[in-house]
1. Based on the Cβ-Cβ distance from Glu43 to Arg110, what FRET efficiency comes out when R0 is 45 Å, to the nearest 0.05?
2. Under a Cβ-only charge scheme (Lys and Arg +1, Asp and Glu -1), can you give me the dipole magnitude of the range 1-118 about the Cα centre, in debye to the nearest 20?
3. What is the sum of charges around Glu66, taking Lys and Arg as +1, Asp and Glu as -1, for the other residues whose C-beta is under 11 Å from the C-beta of Glu66?
4. For the chain, what is the mean residue ellipticity at 222 nm derived from helices alone (per DSSP H run of n ≥ 4: -39500 (n - 2.57); sum divided by total residues; nearest 500 deg cm²/dmol)?
5. Go through 64-77, 236-249 and give me the packing order, highest mean Cβ count within 10 Å leading.
6. Where in the range 76-180 are there chymotrypsin sites (Phe, Trp or Tyr not before Pro) that are in a DSSP coil and have at most 15 other Cβ atoms within 10 angstrom of their Cβ?
7. Classify the range 4-124 as rounded, prolate or oblate, taking a ≥ b ≥ c as the square roots of the eigenvalues of its Cα gyration tensor: rounded when a/c is under 1.5, otherwise prolate if a/b is larger than b/c and oblate if not.
8. Return one whole number: the accessible area per residue of the chain in Å², for a 1.4 Å probe.
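The values are calculated or read from the model by the stated rules, or taken from the named source; none is laboratory data. Quantities reported herein were computed from a predicted structural model and do not represent experimental measurements. For neighbour counting, all protein chains shown are included, and Cβ atoms are generated from backbone atoms with ideal geometry for every residue, glycine included. Ligands, DNA and RNA are stripped out before the accessible areas are found, and what is left, the full protein with its side chains, is counted by its heavy atoms. Shrake-Rupley method; radii C 1.70, N 1.55, O 1.52, S 1.80 Å.
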Amino acid sequence: MPELPEVETTRRGIAPHIAGWRIVDVRVREARLRWPVPADLGETLTGRRLTDVRRRGKYLLLDFDEGTLIAHLGMSGSLRICKPGFPPRKHDHVDLVFEGDICLRYHDPRRFGCLLWTAEPPERHPLLAALGPEPLDKAFDGAHLHRLAAGRNTAVKSFIMDSRVVAGVGNIYANEALFRAGIHPARPAGKISLARYRNLGEHIAEVLAASIEQGGTTLRDFVNESGAPGYFKQVLRVYDRAGQPCRVCGEPIRCMRLGQRATYYCPRCQR
Ligand SMILES: [Zn+2]
């Protein structure tokens, strides 16, 4: 599943090819995404100039001279740059064709993603209005987590994956940050000290930043016509390692379900 680093890498990969250019055509082959692609998207976008590609949490914001296209990659979505004449593959649902013979192609086998138009500032859109701070912003730190956690019994892992608490910390990075911070994923959020939250906040930012940096090496995949961008191999210390020895203490990594999500932890290192 595309997580924040993949979305940020996508943003950096596509922006230089399309920013500043006008849309000349929109082709919707399949409108049934998580929410339907607006029927008048072609009418709305044709002739508009893309001014910027931003990211908020796991949403990509394609800003036009007036209005914004909000894109989410869902469970299996990807965006890439190709020539408009390149034959679409299965699940290539939407093309935004720009002047200069450039096409931004949306691919999504499971169709949990979305492409939605808003004429308002996107920060006010219902999908974005309640999002917490960006985990890589100065506004985010352990004190913010500690403040919001007061009195809450919810498991800390579910707490940091709540986008109202902090935007865009997905399952992989929640597992990794908790392992690095030595915090048991099921510990009640309200029963963790400020010092431990400070440590956790730093690890959340660090694992995301490291992954984004690593993603930079795959940028060329966004102009690969033959395949979907290969999401980069992660250097994972705990995620998906059930039964394998902990990289710190050697104890077998355990797996449990928490909030319906696969949760990996070391029973010795994480308390
Ligand atoms: Zn361990």
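1. The pair Glu43/Arg110 has a calculated efficiency of 0.95.
2. Working: 20 positive and 16 negative charges, 88 e Å.
Charge dipole, the range 1-118, about its Cα centre: 420 debye, nearest 20.
3. Neighbourhood net charge equals -1.
4. So the calculated ellipticity at 222 nm is -7500 deg cm²/dmol.
5. Details: 64-77: 19.1, 236-249: 15.5.
Per-residue Cβ counts within 10 Å, averaged per peptide and sorted highest first, yield 64-77, 236-249.
6. Values: sites: Phe98, Tyr106, Phe112, Trp117, Phe140, Phe159, Tyr173, Phe179; in loops: Phe112, Phe140.
Counting only loop positions with at most 15 other Cβ atoms within 10 Å, the chymotrypsin sites (Phe, Trp or Tyr not before Pro) in the range 76-180 are Phe112.
7. Here the range 4-124 falls in the rounded category.
8. Ligands and nucleic acids excluded, the result is 46 Å² per residue.
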